[in-house]
Amino acid sequence: MELFKNQKLKHKYTKDNIQTMAVTIHPHFTVWLCALQLNGIGGEPMEMNARDELFGADKEGSHSQLALSTFRQLGYYKIEHYERCQSSISRVYKYVNKDQINVLYAFLICREFSSYIFEDLKKAMIEFGAKDLFYFDVHLSADNHIDGNGVKMLKELESGKTKMTIQEFNTGIQLNNDSPGPISLPLIGNLHSLTNNPHRGLKIISDKYGGIFRCNLGDHYCIVISDPIIKNFESFQKSE
């Protein structure tokens, strides 16, 4: 569980970050659950989870639509909200195939265990003046760490009905731990954002994406840690 708690360090709950999650990650999450269910992965817990995401567990309707209406309270959605997470989304879709779908299964188990996100999101939304918080009540109930979706999915995996290797599960964890960051350009990555003052360019990116973010320096994938509160880099490496 510490693995998921450590992820708190990676998130910065600005209005733009929250709305990006609403329009990109959540709709695709529903698709990924259904992909697993259609491939016979995850048994009854997966079927119930996919059904709840599509239709709602208690007449609340589609969770993707519920997310859109909830986070619309922060203002109009922008095209950049749709663009910012596309590289991360594309990395997950690489595993939506029969040969690698176990990695997607592991990734979604990790996502379900990351319910602290909804706790922090709810606090941030309250600070931003949001009034309709029903979305968070639904997910905090469904994704609790006692008998929530993540627990049920993990127990189903432990039953041995789905054969998953340690490497597949670790890949799913790494996929879940992917840090936020700016869109990269072909060949140069994010070098154009650094200009003649790299430290200032990195500060601008950090202000937008938080204390831990990814960027590409040419063809080199980098994780940048800029937040002074993240003092123990060794523990971060272990959480990765």
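The values are calculated or read from the model by the stated rules, or taken from the named source; none is laboratory data. Model, not experiment: these values are computed from the prediction. As a convention, Cβ positions derive from the backbone with ideal geometry for all residues, glycine included, and neighbour counts pool all protein chains shown. Just the protein is used for accessible areas: all its heavy atoms, side chains included, with ligands, DNA and RNA removed. Shrake-Rupley method; radii C 1.70, N 1.55, O 1.52, S 1.80 Å.
Any chance you could count how many residues in the range 25-50 are farther than 21 Å from Ser114 by Cβ and of a type outside the set (A, V, I, L, M)? Looking only at that region, the number is 5. Residues in the range 113-171 that are polar (S, T, N, Q) and farther than 27 Å from Tyr95 by Cβ: Ser141 only.
Of all residues in the range 69-89, those satisfying the criterion of being of a type in the set (Gly, Ala, Ser) and closer than 19 Å to Asn176 by Cα are Ser87, Ser88.
Any residue at all in the range 31-40 that is β-branched (Val, Ile, Thr), surrounded by fewer than 19 Cβ atoms within 10 Å (Cβ to Cβ) and under 26 Å from Lys163 (Cβ atoms)? Yes, there is a match, as at least one residue in the range 31-40 is β-branched (Val, Ile, Thr), surrounded by fewer than 19 Cβ atoms within 10 Å (Cβ to Cβ) and under 26 Å from Lys163 (Cβ atoms). Restricted to helices (runs of 4 or more DSSP H) entirely inside the range 109-177, those with at least 1 residues that are hydrophobic (A, V, I, L, M, F, W, C), more than 18 Å from the chain's Cα centre (by Cα) and surrounded by fewer than 13 Cβ atoms within 10 Å (Cβ to Cβ) are 116-127, 134-142, 166-176. Assessment of the range 193-204 against the conditions (within 19 Å of the chain's Cα centre (by Cα) and modelled with pLDDT under 85) yields no matching residue.
With respect to Ile117, determine if the residue is of a type in the set (A, V, I, L, M, F, W, C) and more than 28 Å from Lys163 (Cβ to Cβ). Yes.
Quick grid of which residues meet (1) within 25 Å of Asn170 (Cβ to Cβ); (2) at pLDDT 90 or above; (3) in contact with an Asp or Glu (Cβ under 6 Å, 6 or more places away or on another chain):
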residue: Lys12; (1), (2), (3): no, no, no
residue: Val31; (1), (2), (3): yes, yes, no
residue: Gln37; (1), (2), (3): yes, yes, yes
residue: Glu60; (1), (2), (3): no, no, no
residue: Arg72; (1), (2), (3): no, yes, no
residue: Tyr76; (1), (2), (3): no, yes, no
residue: Lys94; (1), (2), (3): yes, no, no
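Considering Tyr82, Tyr105, the condition of being crowded, with 19+ Cβ neighbours inside 10 Å and assigned to a helix (DSSP H, G or I) is satisfied by Tyr105 alone. Evaluate the following for Lys131: is it over 26 Å from Lys59 (Cα atoms) and at pLDDT 85 or above? Spelling it out, it is not the case that Lys131 is over 26 Å from Lys59 (Cα atoms) and at pLDDT 85 or above.
Could you go through the range 68-75 and let me know if any residue there is farther than 19 Å from His139 by Cβ and surrounded by 15 or more Cβ atoms within 10 Å (Cβ to Cβ). Within the range 68-75 (the criterion being farther than 19 Å from His139 by Cβ and surrounded by 15 or more Cβ atoms within 10 Å (Cβ to Cβ)), the answer is no, since none of the residues qualifies. Taken over the range 205-240, the residue count meeting the criterion of being modelled with pLDDT of 70 or more, among the basic types (Lys, Arg) and open to solvent by 60 Å² or more (accessible area, probe 1.4 Å) is 1.
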